Amino acid sequence: MKIPSLPAIPILTAVAGLAVTLPFSAAAQSDLSLYGSVSEDARAVSGASLPRPLSPSIWKGTLEERREKWLEMLGLSPLPERTPLEATVTGTLDRGDYVVEKVHFQSLPGAHVAGNLYRPAKIAGRLPAVLYLCGHTKGKVAPGYQAQPRWFGQHGYVALVLDPVQLGECQGFHHGTYREDRWDWQSRGYTPAGTEVWNAMRALDYLETRSDVDAEKLGVTGLSGGGAMSWFLGAADERVKVVVPVCQSGSIERMAVDRATDGHCDCAFWINYYRWCWPDIGALIAPRAFLMASGSEDVLWRPSGYREVATRIRHQYAALGVPEKFDLVEDLSPHGYTPKLRQAIFTFFNAHLKGDPTPVTDDVTDYVEPEENLLVFGGRLPENDTMRQMDERLVQAAEVSLPGSESEWRMHQEKTIARLREVTFRNLPAEAAPHLREMRNDGGTRDGDAFGTRTFETADGLTLAVKTRHPASGDGKLPTVVFSVQPDAVKTFTGGGPSRPGLSPDFASAAVEVRNTGASSVGPGYLWTLRRVYPLIGHTLAERQVADLMAGAALMRRDPATGPVALYGQGETAAQAIYAAILDPAVGEVILDDPPESHTDPETASFLGILRIGDLPQNLALLYPRPITFVGKVPPAYEWTRKLYESLGAGDRVRVIANTREWKPAGQ
């Protein structure tokens, strides 16, 4: 039975980087599962992506802002310093009509990028250049990734093919959340796509230094992962005049609904603070020459996604007066090249880099160069290569110092909380205003306690519960401790079950079954996907749980029996309590039991880009002067927080109690 429509709740999203407010009414569609909620949110993201083209004046007026946002979502804002490339050619192969140069350079000091450069054997002047980016196989030595740049080298281009991170002769790491549980990458605001794009930007720097390259005629193309990097580089760097991604075009909606994220490693996506979809990226590539090449039988990138994306981008090119510079070519084929796709690609490059639109009728050759001939380092990779540290080098973690005065900290506090709302928590609902669906008494009393359940709807369509406990004989407004149910809790009966702290019977408590606990727990069949797909729509699981906890606290404050509200967190849920309290000034106190000490730990709850703003001890101090209570002891990292309170004359507001039974509201 369809539930009657509820009032629309405004959700902040983006159209090509421009903030707009759209109604979100998923809650009206019945009790959504977490998969259903994510799918609805992903549809909203894709639906709001360039739904109509930007006018030329708006496109131009917002270009700089949109490009800066894009670089930020790649982890490239600010751009790193362009240090010396130390470019070196370690050998050449003369193959008659073309030559292969074995090249390496350093995108940052010690971070080696290896590639092969194909060029005509005879060169009379400066030539157009194509940067070829590989997918995730053997890199530049794979037969297919030899064939494409070789064609360019045989047809009057300079073509540089690079090894991707972690493959071929390029060291580094791109399987973070995909394989190695590197959930700290989300907190760092890091995606290996940023490393790939930075390596590609430095490759353009290298091409510009060559006497045989026309720096005004640069293009990029690549298959699969290299196709994604073609999109990303084209949007990030205007030096690229022709962009041709192959078999890596689609939509956020299809990634979520089809669970296609399960087939991609981390470098296929950006950190989506601003809830962009592929048309927004295409609007940054415009009005330069842009060809999307796709296979209609590609299991990862379905036609329903890439065709809609192409339609929206096509309208943007038309609005800018250059409809001929965009096109889509597709073939009845799976993930990979076909002769039709290749010939269309080669014709497109000839038309836009050489001014020759004559259809190309030849294709790549079948010749395969022995792999060992193409190795830049001869089988011995550079020692102490720094590409593995790019997650720390590209995105700088914030450094927060103890203040010299209260006014200095107050200024930092205001600025930093605003920054948290602008970046990490920018996609929280504007207000924690949950819709109460049901309120019931869970029976009689037990040991002097009365228990109840409240169910409510979240802004993104979930139905969650709050399990309450009140002293049966309590009177008036009782101090109330609100907390998230633990992720491994198997029951929440009687006020939260084992997740409930052992408080004095004089106080009330409320256990919020935040998403992925209680009845909304998804288990291993979807949890990994959920944690990886949330950043594609501007969230993390922990950030969504913070929103749920805030909604539960807001719901409890409506109860006339609720007095001052404190938030409690133990272990994993401590981070939820910290950030919910920071964002909700109505929370009077935070109680922390064994909290994690750093977001650099992959096991700590992740929040998008949080380390760009501050780590847990520094962010906890944003609560000043509100009281903080630690259970058992102050963990070493949080001595920083205590020192700050002491330096500002509020040392007594950081308390330590032996157990939660001892807790009383500050001042009592």
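Taken together, the values in this text are just the output of simple stated rules run on the coordinates, not laboratory data. Note that the structure is a prediction, hence the values are computed from the model and not measured. No Cβ is skipped: glycine too gets one built from the backbone with ideal geometry, and neighbour counts run over all protein chains shown.
A few notes on this one:
- Estimated Rh, region 308-448: Kirkwood, alpha-carbon pairs, angstrom: 24.4 Å
- Pairs of Cα atoms in region 471-523 fall into 10 Å distance bins, from 0 up to the last occupied one, in shares of 26, 47, 22, 5, 0 percent.
- Beta bridges by DSSP in the chain, antiparallel share as percent, to the nearest 5: 50 percent
- Size of electric dipole in the chain: Cβ of Lys, Arg +1 and of Asp, Glu -1, about Cα centre, debye, nearest 20: 1160 debye
- Long-range HN-HN contacts of residue 182 with modeled amide H, under 5 Å: 177
- Neighbour cut-off at most 12 other Cβ (10 Å), DSSP loop, trypsin sites (Lys or Arg not before Pro), region 403-496: 491
- Which of 71, 471, 370, positive extreme of dipole for the chain (C-beta unit charges): 471
- Normalised radius of gyration (Cα atoms, divided by 2.2 N^0.38 Å) for region 407-662: 0.97.
- Amide H to amide H, with H built 1.01 Å from N, residue 111 comes under 5 Å of 386, counting only residues 5 or more places away or on other chains.
- Distance cut-off 20 Å, percentage of C-alpha pairs in region 199-278 lying past it: 38 percent
- Net length gained if the chain between residue 52 and residue 659 were fully extended (0.36 nm per residue, minus Cα distance): 212.7 nm
- Cα gyration tensor shape of region 271-336, rounded if a/c is under 1.5, else prolate or oblate by comparing a/b with b/c: oblate
- With eigenvalues of the C-alpha gyration tensor scaled by 5 and rooted, region 407-449, Å: 40, 18, 7
- Calculated P(r) of the chain - Cα pairs past 38 Å, %: 40 percent
- When only Cα pairs below 8 angstrom with a gap of at least 6 residues are kept, the chain shows a relative contact order of 14 percent.
- Options 659, 430, 289, ranked by Cα towards positive dipole end of the chain, top entry (Cβ charges): 430
- Simple point charges give the picture: +1 on the Cβ of Lys and Arg, -1 on the Cβ of Asp and Glu, and for region 382-512 a dipole about the Cα centre of about 480 debye.
- Here the convex hull built on the C-alpha positions of region 103-365 has a volume of 123 cubic angstrom per residue.
- Cα-based reach from residue 140 at 19 Å (exclusive), listing lysines while leaving out same-chain residues under 8 positions away: 102
- DSSP beta bridge pairing in region 407-662, given as percent antiparallel to the nearest 5: 50 percent
- Residue by residue, region 227-232 carries 3J(HN,Hα) couplings of x, 4, 5, 5, 3, 5 Hz when phi is fed to the Karplus relation 6.51 cos²θ - 1.76 cosθ + 1.60 (θ = phi - 60°); x denotes Gly or Pro.
- Coupling constants for region 155-168 follow from the phi torsions by the Karplus curve (6.51 cos²θ - 1.76 cosθ + 1.60, θ = phi - 60°), and in residue order they are 10, x, 10, 9, 10, 10, 9, 10, 6, x, 4, 6, 10, x Hz; glycine and proline get x.
- Karplus (6.51, -1.76, 1.60) ³J(HN,Hα), θ = phi - 60°, over region 420-435, in Hz, Gly and Pro reported as x: 4, 6, 7, 10, 5, 10, 5, 9, 5, x, 4, 9, 7, 10, x, 8
- Most to least packed among 560-567, 287-294, 60-67 [average Cβ atoms within 10 Å]: 287-294, 560-567, 60-67
- Bridge orientation summary for region 103-365: considering DSSP beta bridges with both residues in this region, about 25 percent are antiparallel.
- Counting only DSSP H runs of at least 4 residues, each contributing -39500 (n - 2.57), and dividing by the residue count of the chain, the helix-based mean residue ellipticity at 222 nm comes to -9000 deg cm²/dmol.
- Close amide H partners of residue 98, meaning residues 5 or more places away or on another chain with modelled amide H under 5 Å apart, are 121.
- In terms of packing, defined here as the mean over residues of other Cβ atoms within 10 angstrom, the peptides 337-345, 653-661 line up highest first as 337-345, 653-661.
- The residue among 87, 439, 394 whose Cα reaches farthest toward the positive pole of the charge dipole of the chain, with charges on the beta-carbon of Lys, Arg, Asp and Glu, is 439.
- Rg in Å to one decimal, and Dmax rounded to a whole Å, for region 529-631 via C-alpha atoms: 13.8, 41
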